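See below for the structure under consideration.
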Amino acid sequence: MARWVNVGIGLWLIAAGMALAGPDSPAQLVNLAAGAALILVAVATRPGSAEGLAAILLGACLMVAPAALGYADVVNALVDVLTGLAVVAVGLQPHLARRLAARRALRA
(Lines give C-alpha, C1' and ligand atoms only; values in the text may rest on other atoms or scores of the structure.)
Protein backbone atom coordinates (compact mmCIF):
# COMPACT_ATOMS: atom_id res chain seq x y z
CA MET A 1 0.00 0.00 0.00
CA ALA A 2 2.70 2.49 0.96
CA ARG A 3 4.50 1.69 -2.28
CA TRP A 4 1.64 3.01 -4.43
CA VAL A 5 1.11 6.01 -2.19
CA ASN A 6 4.79 6.89 -2.69
CA VAL A 7 4.41 6.50 -6.46
CA GLY A 8 1.41 8.85 -6.35
CA ILE A 9 3.27 11.40 -4.25
CA GLY A 10 6.24 11.14 -6.61
CA LEU A 11 3.98 11.86 -9.58
CA TRP A 12 2.48 14.78 -7.67
CA LEU A 13 5.96 16.20 -7.02
CA ILE A 14 6.87 15.95 -10.69
CA ALA A 15 3.59 17.61 -11.72
CA ALA A 16 4.00 20.34 -9.09
CA GLY A 17 7.55 20.97 -10.20
CA MET A 18 6.43 21.45 -13.77
CA ALA A 19 3.28 23.46 -13.03
CA LEU A 20 4.10 25.60 -10.00
CA ALA A 21 7.81 26.32 -10.15
CA GLY A 22 9.50 28.47 -12.75
CA PRO A 23 12.09 26.97 -15.08
CA ASP A 24 15.04 28.51 -13.22
CA SER A 25 13.63 27.89 -9.77
CA PRO A 26 15.41 25.59 -7.32
CA ALA A 27 11.95 24.33 -6.36
CA GLN A 28 11.49 22.82 -9.82
CA LEU A 29 14.76 20.91 -9.63
CA VAL A 30 14.05 19.70 -6.10
CA ASN A 31 10.52 18.58 -6.96
CA LEU A 32 11.57 16.78 -10.14
CA ALA A 33 14.52 15.06 -8.46
CA ALA A 34 12.62 14.11 -5.31
CA GLY A 35 9.61 12.89 -7.29
CA ALA A 36 11.74 10.73 -9.55
CA ALA A 37 13.74 9.40 -6.60
CA LEU A 38 10.58 8.56 -4.65
CA ILE A 39 9.10 6.68 -7.61
CA LEU A 40 12.38 4.85 -8.19
CA VAL A 41 12.65 3.83 -4.54
CA ALA A 42 9.02 2.71 -4.42
CA VAL A 43 9.29 0.62 -7.58
CA ALA A 44 12.83 -0.75 -7.20
CA THR A 45 12.81 -1.87 -3.56
CA ARG A 46 11.02 -4.74 -1.91
CA PRO A 47 8.22 -3.80 0.48
CA GLY A 48 9.48 -3.40 4.01
CA SER A 49 13.14 -3.12 3.04
CA ALA A 50 14.85 0.23 2.63
CA GLU A 51 11.79 1.85 1.09
CA GLY A 52 10.56 3.36 4.36
CA LEU A 53 13.94 4.74 5.37
CA ALA A 54 14.59 6.18 1.92
CA ALA A 55 11.14 7.78 1.91
CA ILE A 56 11.74 9.31 5.34
CA LEU A 57 15.05 10.78 4.17
CA LEU A 58 13.49 12.16 0.98
CA GLY A 59 10.64 13.67 3.00
CA ALA A 60 13.09 15.31 5.38
CA CYS A 61 15.01 16.74 2.43
CA LEU A 62 11.78 18.14 1.00
CA MET A 63 10.96 19.82 4.30
CA VAL A 64 14.43 21.39 4.59
CA ALA A 65 14.80 22.41 0.93
CA PRO A 66 12.79 25.67 1.05
CA ALA A 67 14.91 27.08 3.87
CA ALA A 68 18.20 25.67 2.62
CA LEU A 69 17.74 26.82 -0.98
CA GLY A 70 15.86 30.04 -0.27
CA TYR A 71 12.68 29.52 -2.26
CA ALA A 72 11.31 32.86 -3.46
CA ASP A 73 7.72 31.60 -3.76
CA VAL A 74 5.74 30.75 -0.63
CA VAL A 75 3.47 28.35 -2.55
CA ASN A 76 6.39 26.17 -3.64
CA ALA A 77 7.80 26.19 -0.11
CA LEU A 78 4.44 25.17 1.34
CA VAL A 79 4.01 22.42 -1.25
CA ASP A 80 7.43 20.98 -0.45
CA VAL A 81 7.02 21.13 3.33
CA LEU A 82 3.54 19.58 3.33
CA THR A 83 4.50 16.94 0.78
CA GLY A 84 7.61 16.17 2.83
CA LEU A 85 5.45 15.64 5.91
CA ALA A 86 3.21 13.28 3.95
CA VAL A 87 6.20 11.32 2.65
CA VAL A 88 7.63 10.97 6.17
CA ALA A 89 4.24 9.83 7.48
CA VAL A 90 3.92 7.20 4.76
CA GLY A 91 7.49 6.06 5.40
CA LEU A 92 6.89 5.73 9.15
CA GLN A 93 3.54 3.95 8.87
CA PRO A 94 4.85 0.36 8.42
CA HIS A 95 7.32 0.76 11.30
CA LEU A 96 4.68 2.15 13.62
CA ALA A 97 2.22 -0.59 12.63
CA ARG A 98 4.81 -3.29 13.47
CA ARG A 99 5.52 -1.71 16.85
CA LEU A 100 1.83 -1.49 17.62
CA ALA A 101 1.30 -5.14 16.64
CA ALA A 102 4.23 -6.23 18.82
CA ARG A 103 2.89 -4.24 21.74
CA ARG A 104 -0.55 -5.81 21.32
CA ALA A 105 1.02 -9.28 21.14
CA LEU A 106 2.78 -8.69 24.45
CA ARG A 107 -0.50 -7.76 26.12
CA ALA A 108 -2.27 -10.88 24.89
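The values are calculated or read from the model by the stated rules, or taken from the named source; none is laboratory data. Note that the structure is predicted; figures quoted are calculated from it, not measured. A quick note on method: Cβ atoms are made from the backbone with ideal geometry, for glycine too, and the neighbour counts reach across all protein chains shown.
Here are the criteria: (1) touching a helix residue (DSSP H, G or I) at 6+ places or on another chain (Cβ under 6 Å); (2) of a type outside the set (Val, Ile, Thr); (3) without any contact (Cβ under 8 Å) to a residue 24 or more places away in the chain. Tell me which single one Met63 does not satisfy. Result: Met63 passes all but (3).
Screening the candidates Ala34, Ala97 for the property of being at pLDDT 90 or above and out of contact with any Pro (no Cβ under 7 Å at 6 or more places or on another chain) yields one hit, Ala34.
Within region 5-19, the set of residues being surrounded by fewer than 17 Cβ atoms within 10 Å (Cβ to Cβ) and more than 12 Å from the chain's Cα centre (by Cα) comprises Ala15, Met18, Ala19. Just need a number here: residues in region 65-74 that are surrounded by 14 or more Cβ atoms within 10 Å (Cβ to Cβ) and more than 15 Å from Gly22 (Cβ to Cβ). The total comes to 1. Gly35 - would you say it is within 11 Å of the chain's Cα centre (by Cα) and touching a residue at least 24 places away in the same chain (Cβ under 8 Å)? Answer is yes for this residue. Between Leu58, Leu69, Leu32, the distinction of being out of contact with any strand residue (DSSP E or B) (no Cβ under 7 Å at 6 or more places or on another chain) and under 21 Å from Ala97 (Cα atoms) belongs to Leu58 only. Considering Ala77, Ala42, the condition of being within 12 Å of the chain's Cα centre (by Cα), surrounded by 14 or more Cβ atoms within 10 Å (Cβ to Cβ) and part of a helix (DSSP H, G or I) is satisfied by Ala42 alone. Taking Ala55 as the residue in question, decide whether it is closer than 20 Å to Val7 by Cα, surrounded by 15 or more Cβ atoms within 10 Å (Cβ to Cβ), at pLDDT 85 or above and out of contact with any helix residue (DSSP H, G or I) (no Cβ under 6 Å at 6 or more places or on another chain). Answer is no for this residue. In region 67-108, the qualifying residues are those that are out of contact with any helix residue (DSSP H, G or I) (no Cβ under 8 Å at 6 or more places or on another chain) and touching a residue at least 40 places away in the same chain (Cβ under 8 Å), and the one that is farthest from Leu57 (Cα to Cα) is Ala72.
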